[in-house]
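Here's the structure, in structure tokens; my notes come after.
The values are calculated or read from the model by the stated rules, or taken from the named source; none is laboratory data. Everything numeric here is computed off the predicted structure, so don't read it as measured data. Because the Cβ atoms are built from the backbone with ideal geometry, glycine has one as well, and the counts that use them run over all protein chains shown.
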Amino acid sequence: MSGVDALVAQIPDGAFVALPPDYSLPAMDAVRALIRRRAKNLRLLGVPVLGLSADLLIGAGCVAEVHSSAVSLGEAGLAPRFTEAAERGEIKVVDYTCPAVHTALQATEKGVPYMPLRGVLGSDLVGAHSDWQVAQNPFSPSKDPILLVAAIVPDVALFHARWADEAGNVWVGRRRELATIAHAARHTYVTVEEFRAGDMLDDELLAPGVISATYVTGVARAERGAWPLGVADVYGIDDAHLTAYAKAARTREGFDNYLREFVWQDRKSSLPA
Amino acid sequence: MARPEELLASLIARLIADAHHVAVGAASPIPAAACELLRAQGKPLRVTRLHKRKGNPFTEGSRELFDLAGQGRIDYFFLGGAQIDGEANINLVRAEGRRFPGSFGSAFMYFTCRTVLFREEHSRRVLVPRVEFISAPGWSPPDVVRRGGPIALVTGKALFRWQAKERRFSLQSVHPGHTAAEVREATGFDYDAQDIAQTPEPSAAELELLRGPVARAIAADYPEFARRVWS
């Protein structure tokens, strides 16, 4: 069993799994490994949106629920497996708006039951959420309704990082939403491009981009592990692959062929698509 | 002769000409081009492109955008919709049995920034009497704290101005090659229409900037779009 396979073996079926968007270090090798281990009934949380990782998991039958502000492939268009599954009612979709996801996770970071958020009132999202309430701002002498968003506690945070060090810290650079997920989740699993010696918290330049080992449950090496998405300064987004995926996944057959070629075969991501 | 994308970019640039800090979301190459055009014209505009692949402006993750907007540090934003109705409500979730990606940050950003609604498709399918799902409402009761909201709706055929007091759109101008009658026919909601102008074409100077520095600035983050329009 590879390190990544062993890592995702710790993510149980039915887990509430927080994932980053395609632009923020998605753990694509781990996603492929989850499909290979035939994970079931995962409940995905998009922080705050989802893309290819969710579309692959949904198409492969690993997902029961999607909680997200959006699921899309960005410039490559709609996420075809998400779209079809949602239209056919095969998955439960809980719609959010981006800052409500961040706010709910920040509440968990702070250990408080909810946090207020401006805006949103009058959106049909409000009525669809039993975990949101509209309350009067207690500090205002006049009528001032404000949204309260209940804390969200993911079972698992799963993302990719540039480095892990000997102390168990991981480095995500500016992608600090990953720190928010790690702080809020019960277990955090991270794939990394490279291991490095020492303790990054001893380095003043690296430390601001570090998520401390305090929050990290498990790490596995996955070189080019975000492919076909990118890792800043290491490799870029494989736009041609995303375009080809968006086209292939429009049909069930095309998607299954894609899985055969790039997931079941574990085709090395360093090879061109 | 200006391409349609160039006309729309120059039109949007004029709508937001007084901006200090504009944020541009995912899949918004034309609004991004409008912002780059203002910068190329020498305006001291800060443009925060959310999906900038290199040199992304945020060091606190994507939540920093909403914190900035929540404080009022961003003055303009752009939103679209699978459906947009005559009260400027937008729907990014579902319509006619079809699922769309989702609301993104709209339910927050629409409250915090002056917002240009932008959707190239101008049809009764998109511009509807009443959206099926309100991702973000076009207006709010007076006791709801709301700094932002719609200022205009730009489509591939026309420009509408939002009239906050009337809670109604007013047709301002029709793009070259289209007519006011065609716009009425293709719009599913009612709106006011007086003194309708023709949308001005980009000037020669604007076109030169669009095809030079703007095209180059856009290509890094919207490679498909730049190839389609400018190669």
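Things worth noting here:
- Filtering the range B:165-182 to residues that are touching a strand residue (DSSP E or B) at 6+ places or on another chain (Cβ under 7 Å) and of a type in the set (Gly, Ala, Ser) leaves B:SER170, B:SER173, B:ALA180.
- On inspection, A:LEU42 qualifies as away from chain B (no Cβ under 13 Å) and of a type outside the set (Ser, Thr, Tyr).
- Taking first residues from the range A:253-265 that are touching a residue at least 24 places away in the same chain (Cβ under 8 Å) and partners that are in a loop (DSSP other than H, G, I, E, B) and surrounded by 13 or more Cβ atoms within 10 Å (Cβ to Cβ), the Cβ contacts under 8 Å between residues at least 6 apart in sequence or on separate chains come to A:PHE255/A:ALA249; A:LEU259/A:ALA60; A:PHE262/A:ALA273; A:VAL263/A:ALA60.
- When residues of the range A:127-174 are limited to those that are among the basic types (Lys, Arg) and closer than 30 Å to A:SER212 by Cβ, the one farthest from the other protein chains (Cβ to nearest Cβ): A:ARG162
- Considering the range B:87-99, the residues that are closer than 19 Å to A:LEU73 by Cβ and of a type in the set (A, V, I, L, M, F, W, C) include one that is farthest from the other protein chains (Cβ to nearest Cβ), namely B:LEU92.
- Listed by position, the strands (runs of 3 or more DSSP E) contained in the range B:28-99 that have at least 2 residues being free of Cβ contacts under 8 Å to residues at least 40 places away in the same chain and crowded, with 18+ Cβ neighbours inside 10 Å are B:46-49.
- The set of residues from the range B:180-213 being part of a helix (DSSP H, G or I) and farther than 21 Å from B:GLN83 by Cβ comprises B:ALA180, B:ALA181, B:ALA204, B:ALA205, B:GLU206, B:LEU207, B:GLU208, B:LEU209, B:LEU210, B:ARG211, B:GLY212, B:PRO213.
- Inspection of the range A:65-85 finds no residue satisfying the criterion of being within 30 Å of A:TYR215 (Cα to Cα), in contact (Cβ under 8 Å) with a residue 60 or more places away in the chain and not assigned by TED's automatic domain parsing to the domain that holds A:LEU42.
- Within the range B:100-145, being without any contact (Cβ under 8 Å) to a residue 40 or more places away in the chain, within 7 Å of another protein chain (Cβ to nearest Cβ), over 19 Å from A:HIS129 (Cα atoms) and of a type outside the set (A, V, I, L, M) holds for B:PHE111, B:SER140, B:ASP143.
- Checking each residue in the range A:226-243 for being part of a helix (DSSP H, G or I) and away from every other protein chain (no Cβ under 13 Å) picks out only A:HIS241.
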